[in-house]
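Asker: Here you go, one structure.
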Amino acid sequence: MEVVIAPAAQLARIAADAVERLLRARPTAVLGLATGSSPLAVYDELARRHAEEGLSFAHARAFMLDEYVGLPADHPERYRNVIEKEIASRVDFADGAVQGPDGLATDVPAACAAYEQAIADAGGVDLQILGIGTDGHVAFNEPGSSLASRTRIKTLTRQTREDNARFFGGDVDQVPTHCLTQGLATIMAARHLVLLATGRGKAEAVHQLAEGPVSAMWPATVLQHHPHVTVLVDDAAASRLQLADYYRETYAAKPGWQGL
């Protein structure tokens, strides 16, 4: 696991660099897209590079991490609509190239199995963008989630719903109680994981992720077993890291050709 500590604006550029290198080397790459606040600056930077530097997504595909259950198709906080607004509509993805779990499915187990199969049929995800919750969840894999889990329905914790209430006018009662989410094993199958976290509120989760024991109580800790993980954090999110100085030193000494 590589931990990079830098200002938030720089983190977005570092993540966008990884996506750009992948797309220029393999235009048909498969991306994993996350919602929430953490990736927004990355999407802004990718959209800028598309508009100003010709970065193309025309032959790429993308899969979303998760989706609320039961939100109407036109609800602005439905994750399919959020991804469309924040990145898909701002670049040149082909029609149908971005897929997400079906939060309105009547047969949820079948929809989850179909989503897993769609990812497999695409050859798997090459680069997955991730955020992390204050309780250590990734996607909507809440504390207690199986480390071997696959795409499924989950009940959201009160903490997650409170954290997400800001997207629903501050009203936690408007936040759905259930979601469909890629499982931890699904996420771990991606070839490169790029996780972003900013702000002091994420400090304990980041500490557990990078330096704590692997445990279902902190689901993100399973990433310690992945061979290619990049954790991008600002100073506030890094404030609980015991090895922060070492992470800064190793990144500063990294050869320029090595990339993420």
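Asker: Would you please list the contacts, defined by Cβ atoms under 9 Å and residues six or more apart or on different chains, that run from a residue in the stretch 177-194 that is within 19 Å of Leu260 (Cβ to Cβ) to a residue that is of a type in the set (D, E, K, R) and open to solvent by 10 Å² or more (accessible area, probe 1.4 Å)?
Answerer: Short answer, once both residue conditions are applied: Ala190/Asp126; Arg191/Asp126; His192/Asp126.
Asker: Taking the stretch 209-242 as the search range and keeping residues that are touching a strand residue (DSSP E or B) at 6+ places or on another chain (Cβ under 8 Å) and open to solvent by 30 Å² or more (accessible area, probe 1.4 Å), which one is nearest to Arg191 (Cα to Cα)?
Answerer: Per the stated criteria, the residue is His228.
Asker: Here is a further query. So which residues in the stretch 78-109 are farther than 28 Å from Leu23 by Cβ and charged (D, E, K, R)?
Answerer: Asp107
Asker: Quick check on my filter: what residues within the stretch 182-196 are in a loop (DSSP other than H, G, I, E, B) and open to solvent by 10 Å² or more (accessible area, probe 1.4 Å)? Before the answer, list the steps.
Answerer: Applying the first criterion (in a loop (DSSP other than H, G, I, E, B)) to the stretch 182-196 yields 182-183, 189-191.
Of everything in the stretch 182-196, those that are in a loop (DSSP other than H, G, I, E, B) and open to solvent by 10 Å² or more (accessible area, probe 1.4 Å) turn out to be Ala189, Arg191.
Asker: Here's something else I'd like to know. Just to be sure, is Glu20 open to solvent by less than 50 Å² (accessible area, probe 1.4 Å), acidic (Asp, Glu) and in contact (Cβ under 8 Å) with a residue 40 or more places away in the chain? Explain how you work it out, then say what you get.
Answerer: On the way: open to solvent by less than 50 Å² (accessible area, probe 1.4 Å): yes; acidic (Asp, Glu): yes; in contact (Cβ under 8 Å) with a residue 40 or more places away in the chain: no.
Taking the combined requirement at face value, the residue does not satisfy it.
Asker: Can you pull out the residues in the stretch 167-181 that are open to solvent by less than 20 Å² (accessible area, probe 1.4 Å) and of a type outside the set (A, V, I, L, M, F, W, C)?
Answerer: Pro176, Thr181
Asker: Being within 24 Å of Gly199 (Cα to Cα), over 15 Å from the mean Cα position of the chain (by Cα) and either part of a helix (DSSP H, G or I) or among the acidic types (Asp, Glu) (or both) is true for just one of Glu77, Glu84, Glu52. Which residue is that? It would help to see each step written out before you state the result.
Answerer: Details: Glu84 fails: within 24 Å of Gly199 (Cα to Cα); Glu52 fails: within 24 Å of Gly199 (Cα to Cα).
Unique residue meeting the criteria: Glu77.
Asker: For the stretch 57-66, which positions are open to solvent by 50 Å² or more (accessible area, probe 1.4 Å) and either more than 23 Å from Arg78 (Cα to Cα) or among the small types (Gly, Ala, Ser) (or both)? If you could, list the steps in order and put the result at the bottom.
Answerer: Our first condition is that a residue be open to solvent by 50 Å² or more (accessible area, probe 1.4 Å); within the stretch 57-66, this holds for 59, 61.
Answer for the stretch 57-66, where residues must be open to solvent by 50 Å² or more (accessible area, probe 1.4 Å) and either more than 23 Å from Arg78 (Cα to Cα) or among the small types (Gly, Ala, Ser) (or both): just His59.
Asker: Select, from Ala41, Ala15, Ala47, the only residue that is of a type outside the set (Phe, Trp, Tyr), in contact with a Pro (Cβ under 9 Å, 6 or more places away or on another chain), at pLDDT 95 or above and assigned to a helix (DSSP H, G or I).
Answerer: Details: Ala41 fails: in contact with a Pro (Cβ under 9 Å, 6 or more places away or on another chain); Ala47 fails: in contact with a Pro (Cβ under 9 Å, 6 or more places away or on another chain).
Exactly one residue qualifies, and that residue is Ala15.
Asker: Here is a further query. Applying the selection to the stretch 93-143, what residues are more than 24 Å from Leu195 (Cβ to Cβ) and either in contact with a helix residue (DSSP H, G or I) (Cβ under 7 Å, 6 or more places away or on another chain) or open to solvent by less than 20 Å² (accessible area, probe 1.4 Å) (or both)? Can you show your working first?
Answerer: Filtering the stretch 93-143 for residues more than 24 Å from Leu195 (Cβ to Cβ) gives 94-96, 102, 104-111, 113-114, 117, 121.
Correct list: Asp102, Ala105.
The values are calculated or read from the model by the stated rules, or taken from the named source; none is laboratory data. Just so we're clear, the structure is a prediction, and the values are computed from it rather than from any experiment. As a convention, Cβ positions derive from the backbone with ideal geometry for all residues, glycine included, and neighbour counts pool all protein chains shown. To get the accessible areas, we keep the full protein, side chains included, count just its heavy atoms, and leave off ligands, DNA and RNA. Shrake-Rupley method; radii C 1.70, N 1.55, O 1.52, S 1.80 Å.
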